[in-house]
1. Go through (1) within 19 Å of the chain's Cα centre (by Cα); (2) in the same structural domain as residue A:73 (by TED's automatic domain parsing) for residue A:276 and report which single condition fails.
2. Output the residues belonging to the range B:21-77 that are touching an Asp or Glu at 6+ places or on another chain (Cβ under 9 Å) and among the small types (Gly, Ala, Ser).
3. Here is a check on your reading of the model: is residue B:283 within 30 Å of residue B:239 (Cα to Cα), under 19 Å from the mean Cα position of the chain (by Cα), buried (at least 19 other Cβ atoms within 10 Å of the Cβ) and among the aliphatic types (A, V, I, L, M)?
4. What single numbered condition from (1) at pLDDT 95 or above; (2) of a type outside the set (Val, Ile, Thr); (3) at negative phi fails to hold for residue B:372?
5. For residue A:134, are the conditions met, namely being out of contact with any Gly (no Cβ under 8 Å at 6 or more places or on another chain) and within 30 Å of residue A:230 (Cα to Cα)?
6. Out of A:81, A:133, report the one residue that is in contact with a Lys or Arg (Cβ under 6 Å, 6 or more places away or on another chain), of a type in the set (Gly, Ala, Ser) and on the phi > 0 side of the Ramachandran plot.
Protein chains: 2
Amino acid sequence: MDKIKVAILGAGTVGTGVYKLIERQKTEMPHKIGAELEVAKILVRNKNVARDGIDNSLLTDDFDEILNDDSIDIVVEVMGGIDVANDYIKRAIEKGKHIVTANKDLMASNGSELMDLAGKNGCDILFEAAVAGAIPIIRPLKQCLAGNYISEIMGIVNGTTNFILTKMTNEGMEFEDALKMAQELGYAEADPTSDIEGYDAGRKIAIMASIAFNTRVTFDDVYTEGITKITAKDIKYAKEMDSVIKLLGVAKNTKDGIEVKVHPMLIPSNHPLATVNDSFNAVFVHGDAVDDAMFMGRGAGELPTASAVMGDIIDIARNINYGCNGRIGCTCYKNIPIKNIDDCESKYFMRLQVEDRPGTLASVASVLGNTDVGIDRVIQKTKKNNTAELVVITDSVLEKNFKDALAIFKGMAMIKEISSIIRVY
Amino acid sequence: MDKIKVAILGAGTVGTGVYKLIERQKTEMPHKIGAELEVAKILVRNKNVARDGIDNSLLTDDFDEILNDDSIDIVVEVMGGIDVANDYIKRAIEKGKHIVTANKDLMASNGSELMDLAGKNGCDILFEAAVAGAIPIIRPLKQCLAGNYISEIMGIVNGTTNFILTKMTNEGMEFEDALKMAQELGYAEADPTSDIEGYDAGRKIAIMASIAFNTRVTFDDVYTEGITKITAKDIKYAKEMDSVIKLLGVAKNTKDGIEVKVHPMLIPSNHPLATVNDSFNAVFVHGDAVDDAMFMGRGAGELPTASAVMGDIIDIARNINYGCNGRIGCTCYKNIPIKNIDDCESKYFMRLQVEDRPGTLASVASVLGNTDVGIDRVIQKTKKNNTAELVVITDSVLEKNFKDALAIFKGMAMIKEISSIIRVY
């Protein structure tokens, strides 16, 4: 029986999960891939620190030991970061090793270059775990749905913010309190910026858009807006409108180019994405043949992420057995322009604090009319101190027109505060 | 540029969809599969009947024309039925042609034999469209989730019954009226037996269970119960319990063997499957690493089904290009026993019409106690004519114990009618 050997770079949460899963599936592998699968080495910073459940003799702190071991076929990069990971992966590919990575930061920035290099060396580089954790989405897009022109891909792809928004929705918590709870439970990092500002989701939607639309989309192309300004009051209004607020990564392939954005959005409670709660992720796809499809599952965690990595390892192992590595490489063969955010259209929810006197609503409506921003709905509730809260839901309008209206509102004395702006599905 | 040639058996809804999709994707294929893709022949009953949008010269009524054309690489079987389709597919495989089929009846009965034959001939036989239409589920199970021990797979895999139950839920219709509407809209066939009795769902869950558990499960192994006995009143009770009724295919891999069933089920409104309405399908999977995952999409229709067929064609074309056909064949390498339905456990919702006099509830409760059927909840509402409606929700109990209780109830004068029995999630 052949033996396929794997090296794991990193023994953190995901690395440990991958090791466990390979051990757990030992007796299955000969049936599934026609070979035995074995972890040969695990790269760590300090090989003298014992790791629970991992044989100490597998640990190494010297990448060259892995690089120069010709019996190692597959390198699993789960160490994170960009520069060192990029360097290790490139050197491994140049040695003819196949790569599995869960590194979205790296794939969103250097993916194109790495896939080119892998292609030239007849190597596979797979990264199912880099987007939406355990959820099969890269392979469905590259294979199952490859007969479609995909026009839209939209997802809840950050578990931290989904946990925070779920807590705000179900328990009426304010953002700061929900964030604190997420940090205490280990769902949010000490520095939560990348999650709560939408950067993490931005990297994932860039990767998914590239694959869905067969054109290179990088993180720099993505307009990002986080959830830090969402308040319990906004959530309450959403409920009144039978909607929920979710942080979405949204990419559309329009006739004028690609729109790619991350922002909070009001979506109707009966939309399939609305029921995706806590740390679950989900990706919604629309194609000309498949129509609507959705994929839901765990977005992170030791074994869920390892599940996605393991699927990639098995794919590569089958390719090795059939001598067809590189069978599905980079699928970006188009060069579609990215639209400027100003030229994108959205419906908006806007919450204003205005002077509570006759004529205010007429003035607001007039500004919107003059900037070509249609109104779908208005809700006005009177508050104390001569201030009324005015909620306007616009039609689907150009971002630049809406920005013009906001600029005018900022100069109007009767508008005391622009409390919230949230896009609406 | 190489050319890969396809023959389509059948020019019905799906066959026409596949033809359209191949035409629509013509300019994309060289990029996606490294070759041109061309429909060479379409097998029909009468080649003199013109078909909208299809070049008449492609039509043939002679299968041998396809069989003996060595330039045809892939045969797409979308004619349906078992015997003729089976014969054509076998002969095509023996000629070294690769197969894509959307035929769940055939795959549920003859799948094992056909996959063996394909394996021996170095051919691919793919059937993503046979289960849950457009939804990628076979490939995710065989590849993305292949690093898991999957313990449960559960799905709404019949659009007709889901449409009927959705109408009954949202509009309070009775079964017969909703069925009639489904027939008028073309969602149900003139003879709807296979759908409403759960046979169609049974074939699909048999195929999915085989792949998920790596062991052969056939339609004969599946316990089936349809939706013909579900009433508007049952749906109303479900609503009161914040639940919905869905027809589910359920397969579990337990330590005592495999449970595989199709039956209506009360599921909580906040379960992801509860929001899958109308003719949408969804499949829910639980694995030891992935945890919970769900796949949702169109379960039928010309282009959605063609989308799944096209994914398979592209997969085979890539295998042809890399010389690795047969790369993923039959994955049933285990031989796990199937449990008898009597040894399966369920929670039950039971609606009884009983004599409205003191002691009735005590007698009912005593029978359940004596047959080892625990009670979770009782709802009693008084009706006219000295008859009370009694709803009992049991604990999770053995099917055979529950049957014992029912047999005793049938002999009790005070129990006038057993109106409904529905399993509960």
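The values are calculated or read from the model by the stated rules, or taken from the named source; none is laboratory data. These numbers come from a predicted model, not from an experiment. All Cβ positions, even for glycine, are placed from backbone atoms using ideal geometry, and neighbour counts span all protein chains on display.
1. Against the list (1) within 19 Å of the chain's Cα centre (by Cα); (2) in the same structural domain as residue A:73 (by TED's automatic domain parsing), residue A:276 comes up short only on (2).
2. B:34, B:35, B:40, B:53 - these are the residues of the range B:21-77 that are touching an Asp or Glu at 6+ places or on another chain (Cβ under 9 Å) and among the small types (Gly, Ala, Ser).
3. On the way: within 30 Å of residue B:239 (Cα to Cα): yes; under 19 Å from the mean Cα position of the chain (by Cα): yes; buried (at least 19 other Cβ atoms within 10 Å of the Cβ): yes; among the aliphatic types (A, V, I, L, M): yes.
Against the criterion (within 30 Å of residue B:239 (Cα to Cα), under 19 Å from the mean Cα position of the chain (by Cα), buried (at least 19 other Cβ atoms within 10 Å of the Cβ) and among the aliphatic types (A, V, I, L, M)), residue B:283 qualifies.
4. (3)
5. Working: out of contact with any Gly (no Cβ under 8 Å at 6 or more places or on another chain): no; within 30 Å of residue A:230 (Cα to Cα): yes.
Spelling it out, it is not the case that residue A:134 is out of contact with any Gly (no Cβ under 8 Å at 6 or more places or on another chain) and within 30 Å of residue A:230 (Cα to Cα).
6. On the way: A:81 fails: in contact with a Lys or Arg (Cβ under 6 Å, 6 or more places away or on another chain).
None of the others qualify; the one that does is A:133.
To keep it simple, each residue is scored yes or no on (1) part of a loop (DSSP other than H, G, I, E, B); (2) touching a Gly at 6+ places or on another chain (Cβ under 7 Å); (3) under 22 Å from residue A:234 (Cβ atoms); (4) free of Cβ contacts under 8 Å to residues at least 40 places away in the same chain.
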position	(1), (2), (3), (4)
A:350	no, no, yes, no
A:379	no, no, yes, no
A:388	no, no, yes, yes
A:392	no, no, yes, no
A:400	no, no, no, no
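A quick yes/no check of all residues on (1) in contact with a helix residue (DSSP H, G or I) (Cβ under 7 Å, 6 or more places away or on another chain); (2) modelled with pLDDT under 95; (3) not assigned by TED's automatic domain parsing to the domain that holds residue A:256:
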| position | (1), (2), (3) |
| --- | --- |
| A:106 | yes, no, yes |
| A:123 | yes, no, yes |
| A:144 | yes, no, no |
| A:151 | no, no, no |
| A:174 | yes, no, no |
| A:178 | yes, no, no |
| A:185 | no, yes, no |
| A:192 | yes, no, no |
